[in-house]
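Novice: Here's a structure for you.
The values are calculated or read from the model by the stated rules, or taken from the named source; none is laboratory data. Predicted model, so just to flag it, every value in this text is computed and none were measured. Methodologically, a virtual Cβ is constructed for each residue, glycine included, from the backbone with ideal geometry; neighbour enumeration extends over all protein chains shown. Note: accessible area is taken over every heavy atom of the protein model, side chains too, but ligands, DNA and RNA are not part of it. Shrake-Rupley method; radii C 1.70, N 1.55, O 1.52, S 1.80 Å.
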Amino acid sequence: MNLRRLKWVAIIVPGVLTAGLVGGLHSLFPVFAMSMLGHSIQLMLIALGSYAFSQWVFGLVATGEARILRRSAQLQELNEVALSISKQMSLDSVLQEVTLRSRSLVGARYSALQLMARDGRPPRTIAADSAETTAVAQFQPPAEVLATVWKTAAPVRLQVAYPLLCVPVLVRGQILGLLYLRTPEAAKEFSADDEQIVMMLANLAATAIERTTLFDQVQQTSQYLERLIAGSQDAIVALATDGRVQLWNRGAETLYGLPAEVAMGQVLPMVPEAERVSYLERLLQGTTGVREEQHVRADGSEVPVIVTHSRVEPLAGQGPTLLMSTKDMTAHHRLEAQRRRLALLEERERIGMDLHDGAIQALYAIGLGLQATARMLPPDTQGVREKLEQAAAQLSTVIQDLRSYILDLRPPGLPGRSLGEGLLSLADRLREEAGIEVTRSIAQCEVGVSPDVAVQLLHVAGEAVSNIIRHSGATAAHLELKLTGGRLTLILRDNGCGLSAGGALPPERRGLRNMKARAALMGGECTVTGAPGGGTEIRVVVPLDG
């Protein structure tokens, strides 16, 4: 009965009883009712009636007050349960507390929480106390009651051999389990208030289950991402906005040779120190990008990398993160170099075929023509015949030289002979072809001179000899090879017409430019200057480790 109805009852009932009592006495006993004794009896009856009515009213108020106090105590305990649950992350501890507190909140003897199988976990029953597991199994609700709750997803209060309350645990309309309680056999049944309180507890349990499930999923996802990042062969680095390392995976350790415990907290350890400020500014200005760069390892060596960088938006209370994914391009560059070398070899093969099928055949035909012409000359032209035969022999030598280039890219006279012997052969060529007297000073320095260097030096010397024969008009020359201080020096000097005014190389002299280029390939230098007393001096200086 609510307070409004009780108020009207307190007003109407006393008046109706008093009026009925007085009216009845006056109707039945008019003379007696008007006497003194009658008035006394009326007053006594009214007093007794008022007392009885007051007791009934006060009983109702006391019952309501007790219900309110009990409900207030339940709500207060329920609030404490909610606060306690919010601080716990262990699902078993939360469900254990829900089961225990449900028993104390409604005065039940036993309580248990039955969870259905989900996420690969088997079904299980959680008792308020592990010692009560056997007792809980004995008072498990009948199968038809459980089926009704599973089907309707609504609480059930009933009296079987004992009072029983069974409440579903719901998450977004899906039943995850059942919370059921029983009281002693002689106790009164559960009330609607008890049902509401237990429903609130079941909702808390459902919230805890959902929260723990989401937390487990987040943790699993986080652990999976961590394993992906840690196991990646690419270097993955996360930086704060000041450039300090926040994440350094095993790929970064391998690429940069720097352990994670050393790299953490350092400012851009993979970037040269002089470039770190500008590099960080560039990262902060951009959002995403892919760029090929040169990074440095812990030992100071450089490594070519391709970097993908992006900006990760901040979480609450945190600053943005700069994420870098770096891939080592050393193997890629090596493959590119091999591809270029293969293309060069293919081009050399093509040039060799062209030389063999074109130039060599043409020179061979010219040589045969010279020999035929020499045989056709009359006997009194012996000098002309010798010149033609000498030209044919020179053509034969040129053909052999071309074949040598095609087969192994080595100049004439080198295969099976030393660098010094090749230079002596060039000196003999000067004397035989141009009648130039040659002084020679060739040191024995074959040890330490690589075949590639010897080939390049003979190329330079051969080009210089050709220039002397064709352009210098010299009558004398000097050829020298010496080794001083780990550097090999080749000198060719003539007394011919020398360079043009100012000592500049004529633009059409491709041979002179080629000599400089070959010296540079060896890590050395080629200088062409005027010789003392007239003529030209060509000096090539190369290190032996070039």
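Novice: So which residues in the range 531-545 are at positive phi and in contact with a helix residue (DSSP H, G or I) (Cβ under 8 Å, 6 or more places away or on another chain)? Reasoning before the result, please.
Specialist: First, pick out the residues of the range 531-545 that are at positive phi: 533-535.
Listed by number, the list holds a single entry, Gly535.
Novice: Residues of the range 251-276 being surrounded by fewer than 16 Cβ atoms within 10 Å (Cβ to Cβ), not in a loop (DSSP other than H, G, I, E, B) and not acidic (Asp, Glu), which ones?
Specialist: Filtering the range 251-276 down to residues surrounded by fewer than 16 Cβ atoms within 10 Å (Cβ to Cβ) leaves 254, 257, 259-262, 264-267, 272-276.
From what is left, the residues that are not in a loop (DSSP other than H, G, I, E, B) are 254, 260-262, 267, 273-276.
Those that are surrounded by fewer than 16 Cβ atoms within 10 Å (Cβ to Cβ), not in a loop (DSSP other than H, G, I, E, B) and not acidic (Asp, Glu): Thr254, Ala260, Val262, Val267, Ala274, Arg276.
Novice: Cβ-Cβ under 7 Å, sequence separation 6+ or interchain: first residue in the range 220-234 and more than 13 Å from Trp248 (Cα to Cα), partner of a type in the set (Ser, Thr, Tyr). Which pairs?
Specialist: No pair meets every condition.
Novice: Failed condition for Pro184, given (1) touching a Phe, Trp or Tyr at 6+ places or on another chain (Cβ under 9 Å); (2) part of a helix (DSSP H, G or I), with all others met?
Specialist: The single condition Pro184 does not satisfy is (2).
Novice: Only one residue in Gln196, Gln159 is free of Cβ contacts under 8 Å to residues at least 24 places away in the same chain and among the polar types (S, T, N, Q), so which one is that? Break it down into steps so the answer makes sense when it comes.
Specialist: Values: Gln159 fails: free of Cβ contacts under 8 Å to residues at least 24 places away in the same chain.
Result: Gln196 is the single residue among Gln196, Gln159 that is free of Cβ contacts under 8 Å to residues at least 24 places away in the same chain and among the polar types (S, T, N, Q).
Novice: If you check Ala127, Ala108, Ala112, which single one turns out to be open to solvent by less than 20 Å² (accessible area, probe 1.4 Å), in contact with a Phe, Trp or Tyr (Cβ under 7 Å, 6 or more places away or on another chain), at pLDDT 65 or above and under 15 Å from Cys166 (Cα atoms)?
Specialist: Details: Ala127 fails: in contact with a Phe, Trp or Tyr (Cβ under 7 Å, 6 or more places away or on another chain); Ala108 fails: in contact with a Phe, Trp or Tyr (Cβ under 7 Å, 6 or more places away or on another chain).
Going through Ala127, Ala108, Ala112 in turn, just one is open to solvent by less than 20 Å² (accessible area, probe 1.4 Å), in contact with a Phe, Trp or Tyr (Cβ under 7 Å, 6 or more places away or on another chain), at pLDDT 65 or above and under 15 Å from Cys166 (Cα atoms): Ala112.
Novice: Please find, among Ile209, Ile229, the residue that is modelled with pLDDT under 85, more than 30 Å from Tyr279 (Cβ to Cβ), of a type outside the set (S, T, N, Q) and assigned to a helix (DSSP H, G or I).
Specialist: Values: Ile229 fails: more than 30 Å from Tyr279 (Cβ to Cβ).
After ruling out the rest, the residue left standing is Ile209.
Novice: Only one residue in Tyr256, Tyr364 is among the aromatic types (Phe, Trp, Tyr) and either touching an Asp or Glu at 6+ places or on another chain (Cβ under 7 Å) or modelled with pLDDT under 80 (or both), so which one is that? Walk me through how you get there before you give the answer.
Specialist: Details: Tyr256 fails: either touching an Asp or Glu at 6+ places or on another chain (Cβ under 7 Å) or modelled with pLDDT under 80 (or both).
Among Tyr256, Tyr364, only Tyr364 is among the aromatic types (Phe, Trp, Tyr) and either touching an Asp or Glu at 6+ places or on another chain (Cβ under 7 Å) or modelled with pLDDT under 80 (or both).
Novice: Here is a follow-up. Which of the residues that make up the range 229-265 are over 14 Å from Val296 (Cα atoms) and more than 14 Å from the chain's Cα centre (by Cα)? Before the answer, list the steps.
Specialist: Step one: filter the range 229-265 for residues over 14 Å from Val296 (Cα atoms), giving 229-234, 236-251, 259-262, 264-265.
Passing the criteria: Ala240, Thr241, Asp242, Gly243, Arg244, Pro259, Ala260, Glu261, Val262, Met264, Gly265.
Novice: Inside the range 282-297, can you point out the residues that are modelled with pLDDT of 85 or more and open to solvent by 70 Å² or more (accessible area, probe 1.4 Å)?
Specialist: Our first condition is that a residue be modelled with pLDDT of 85 or more; within the range 282-297, this holds for 292-297.
Once the filter is applied, which keeps residues that are modelled with pLDDT of 85 or more and open to solvent by 70 Å² or more (accessible area, probe 1.4 Å), the range 282-297 yields Glu292, Gln294, Arg297.
Novice: Does any residue of the range 320-330 turn out to be free of Cβ contacts under 8 Å to residues at least 60 places away in the same chain and open to solvent by 60 Å² or more (accessible area, probe 1.4 Å)?
Specialist: The initial filter retains those residues of the range 320-330 that are free of Cβ contacts under 8 Å to residues at least 60 places away in the same chain, namely 329-330.
Filter once more, keeping what is open to solvent by 60 Å² or more (accessible area, probe 1.4 Å): none.
No: zero hits.
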